[in-house]
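Reviewing the structure listed below.
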Ligand code: AMP
């Protein structure tokens, strides 16, 4: 078979050119591009072309080296979520068809050796692998580089999302475009591990453009702000719950964030009122971004204006991405009409690993069904309303209620720190709108006040029929509000015959 063109060869050329500049700063370790380059070649020399590696690692720079090394060999890397349930971690290795297992012996030694024992696979320690001297470029590579990531499972069991060479080539093309456009050199601070798909995209953008990828193994508010000020961080990515936490934190008022050029907020809906506060605090640097494991960057809104009409938008399709809003029958809908978001483009996944039927349901004629429900405004900006599966059908008229506008309305109340809305079964109305509300520190409001507040902004049908106050909202491993868990709370409290949440 013919030797394949491999994207990592281009990456290695770029890294060699960036030389002694800093590629990665991980806690107190600083790694240059030369070290990154050599680490990749050192690791690659220890495996055969086409190897399938299951890996348990999070923020170590060696994890970055490992992925590029496996890809240079035309291999498959499967990222085990360190915070997934144990049974899933074990089955992931089997489902992913791993030939070998690699774990970070410093950060996950105990779990790694347990998993090694349970899997029976040939096992390597990450730091030992990376300490190997670099060798020349591998030969005889005929297979496509691939990577498997688990979805965060906000709406079902984790699936294994497969990204192939098209995806990594697209990221390389985005990076070239970014560099050519003369935009600022990136110092991107990531707060999630490298195993998370949405971490890899901006981390690669930073490194491929000669910027620096910063990663921390633990989030501490004072250290977060300290790092931004000391290193003059330009970019970061926050989930909405983390943004709300920072906005309400006493340290935020005094922190020096003048270096920030772009604060991406994404992974879940961000309330327009909180985004407005963030613009007031951090300046016109907020960028709502919409992505999913299946297509990590779909739309983005750089420099979103503090205009209430557009603050709820996620902006316009990113890069080469094409986006259509379609009816349940798959017909494209005109601007302004809500429907399911479909897309196609280079960042789209190749499919769900080992699940051809699910893949065929999700990728239809080359288009990916996102399962997200929204509309495109006449100016081209995309507004997301809900997940198709989470929409609430309520009232005698069976009205469709979308969680997002209700959550935004609740979040605009001064006594509300954060809110999440789910539909819960009701004998009378099919479903009713049920809100979980985390009160703002030192503030209080009655359920009735909040209901009226939402009814005033939307209407009585959309106002939550039930409001429960909770100390915090349950989050998934990647920091999104876990709606499955909220529904489980509700079911558990009904089972117990009471009307309150177990977590209050
Ligand atoms: P995951 O694949 O687990 O990262 O989840 C992706 C889902 O998160 C998307 O399908 C959306 O429902 C949601 N999501 C991501 N970014 C945004 C955003 N900026 N606004 C609203 N929803 C978002």
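Quick note: the coordinates plus some simple rules give every number you see, no bench work behind them. On a predicted model such as this, the values are computed, not experimentally measured, just so you know. Here Cβ is always computed from backbone atoms with ideal geometry, including for glycine, and neighbour counts include all displayed protein chains.
By counting other Cβ atoms within 10 Å of each Cβ, how are 483, 230 ranked from fewest to most? Could the numbers behind the result be given before it?
Working: 483 23, 230 11.
Fewest-to-most Cβ neighbours within 10 Å comes out as 230, 483.
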Cα-only Debye scattering, segment 312-364: base-10 log of I(q)/I(0) at q = 0.22, 0.29 Å⁻¹: -0.97, -1.16
Computed on Cα atoms, Rg of the chain relative to 2.2 N^0.38 Å comes out at 0.99
May I ask for the angle, rounded to the nearest 10°, between helix 447-457 and the longest principal axis of the chain, with both axes built from Cα atoms and the value confined to 0 to 90°? 80
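Can you put 313, 426 in order, fewest other beta carbons within 10 Å first?
So the ranking, lowest neighbour count to highest, is 426, 313.
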Prolate/oblate/rounded call for segment 115-154, Cα gyration tensor, a/c under 1.5 rounded: oblate
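Rounded, prolate or oblate: which fits segment 33-164 when a ≥ b ≥ c are the square roots of the eigenvalues of the alpha-carbon gyration tensor, with rounded for a/c under 1.5 and prolate only if a/b beats b/c?
Numbers: a/c = 1.80, a/b = 1.42, b/c = 1.27.
Taking the square roots of the gyration eigenvalues as a ≥ b ≥ c, segment 33-164 is prolate.
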When Rg is the radius of gyration of the Cα atoms in segment 212-320 and Rh is its Kirkwood radius, what does Rg/Rh come to? 0.95
Rounded tilt (10° steps) of 33-44 against the dominant C-alpha axis of the chain: 80
One finds, for residue 27 and residue 222 with R0 = 22 angstrom and r their Cβ-Cβ distance, a FRET efficiency to the nearest 0.05 of 0.90
If I fit a long axis through the Cα atoms of helix 109-119 and take the longest principal axis of the Cα atoms of the chain, what angle between them do I get, 0 to 90°, rounded to 10? 80
Which of rounded, prolate or oblate describes segment 391-495 when judged by the alpha-carbon gyration tensor and an a/c cut-off of 1.5? oblate
What's the exposure ranking of 392, 228, going from fewest to most Cβ atoms within 10 Å? 228, 392
